1. I'd like to know if the stretch 79-94 contains one or more residues that are over 24 Å from the mean Cα position of the chain (by Cα) and surrounded by 10 or more Cβ atoms within 10 Å (Cβ to Cβ).
2. Could you tell me whether residue 34 is in contact with a strand residue (DSSP E or B) (Cβ under 9 Å, 6 or more places away or on another chain) and under 23 Å from residue 5 (Cα atoms)?
3. Looking only at the stretch 109-125, decide whether some residue is touching a residue at least 12 places away in the same chain (Cβ under 8 Å) and surrounded by 11 or more Cβ atoms within 10 Å (Cβ to Cβ).
4. Tell me, please, whether a residue that is surrounded by fewer than 12 Cβ atoms within 10 Å (Cβ to Cβ) and touching a helix residue (DSSP H, G or I) at 6+ places or on another chain (Cβ under 8 Å) can be found in the stretch 30-52.
């Protein structure tokens, strides 16, 4: 849309009244001025609606990189690059933490398996050899040594 036409008064009503104090204002000239004002205001309202929504916010899609100042584009680019760097670092840290957690889980599994094995060995030893903490005069079978 083209820019609205700015209203400019084209008739001097004060001059007419000074020169013709007893005459009514010229109706045709008043109508012409009012039509010019109406046209200018109408074009302004139409132009405003191209930019602004009824809720007062800017129309969707009208702010583009071309409409931003070079300095602002630079700031956004710098900030975005910083965010990308932070995100990459966070991703790398998360991957490292996940690898550490997997290694710790593996170590815990090995330790648990070892404890189960030791417990099984102790149980089997007890079943085969008995309780060595009993009285030495006990007749409990200690197994055979051969």
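What follows draws every value from the coordinates through simple rules; no lab data is involved. Note that the coordinates shown come from a computational prediction; the quantities given were computed from them, not determined experimentally. Note that we place each Cβ from the backbone using ideal geometry, even for glycine, and neighbour counts take in every protein chain shown.
1. Among the residues of the stretch 79-94, not one is over 24 Å from the mean Cα position of the chain (by Cα) and surrounded by 10 or more Cβ atoms within 10 Å (Cβ to Cβ), which makes the answer no.
2. Criteria not met by residue 34.
3. Checked against the condition, which is being touching a residue at least 12 places away in the same chain (Cβ under 8 Å) and surrounded by 11 or more Cβ atoms within 10 Å (Cβ to Cβ), the stretch 109-125 yields no hits at all.
4. Checking the stretch 30-52: not a single residue is surrounded by fewer than 12 Cβ atoms within 10 Å (Cβ to Cβ) and touching a helix residue (DSSP H, G or I) at 6+ places or on another chain (Cβ under 8 Å).
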